[in-house]
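The values are calculated or read from the model by the stated rules, or taken from the named source; none is laboratory data. Predicted model only: the values in this text are computed from it and were never measured. Glycine gets a Cβ as well: all are built from the backbone with ideal geometry, and neighbour counts include every protein chain shown.
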Amino acid sequence: MKLTVPTLPSAAVIFLTASFTIAAIAQAPAPKPEGTGSSPSRPREYPAPTNLKVLPKNLTGKQVHDIMENWEAALGAHCNTCHIPDPNNIGPNGKPRLNFADDSKKEKAAARLMFQMTEEINTNYVSKLQNSGAPVTCGTCHRGHPAPEPFVAPPEEHHGPPPPSDKPPIPR
């Protein structure tokens, strides 16, 4: 039996393969301890919503959660903006969970009112415009800020009279 010494190119391939394998193993995430987080075999559960006053009452916990995540993003807010901690419901991290049914925060009342306003605008106005495009949402005005920034019109630039219009002037 004749033994051969690997040539330089094949030795480099073996070395690179071993290096990538070791790097991949070192970067692999450690498995989560049992009972933490969610896993593919056990998806996150969302409790059935309670105390829905402006959202449809037939929504699932997951649907309400998804709506709230959209509102959070549109407002640049977090859950605790509208919901208070419940000292009688401590989570696994030792901190109180939020009481989503509680109505004591004025921000929650404001969110309900603003939701009703956007629904009314979309139903009574936007939907009646031909080719109206996207509906009004929280992000239309808030754009990631808890309070919409005031609109400041740019300074007008006058370069002579306005262009002629084929429409008759509007009586005042």
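Structure summary
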read-out	value
Test: residue in region 131-140 that is among the polar types (S, T, N, Q), loosely packed, with under 13 Cβ neighbours inside 10 Å and in a strand (DSSP E or B)	no
Pair list, Cβ < 8 Å and 6+ apart or interchain, from region 35-63 residues that are of a type in the set (S, T, N, Q) to residues that are at pLDDT below 90	Ser38/Arg44; Ser39/Lys32
Residue among Ala147, Ala109, Ala77, Ala101 that is under 18 Å from the mean Cα position of the chain (by Cα), at pLDDT 95 or above and either closer than 28 Å to Lys53 by Cβ or not polar (S, T, N, Q) (or both)	Ala77
Verdict on Asn88 being surrounded by fewer than 10 Cβ atoms within 10 Å (Cβ to Cβ), under 21 Å from Asn51 (Cα atoms) and without any contact (Cβ under 8 Å) to a residue 12 or more places away in the chain	yes
Residue match in region 150-165 (condition: free of Cβ contacts under 8 Å to residues at least 12 places away in the same chain and in contact with a helix residue (DSSP H, G or I) (Cβ under 6 Å, 6 or more places away or on another chain))	no
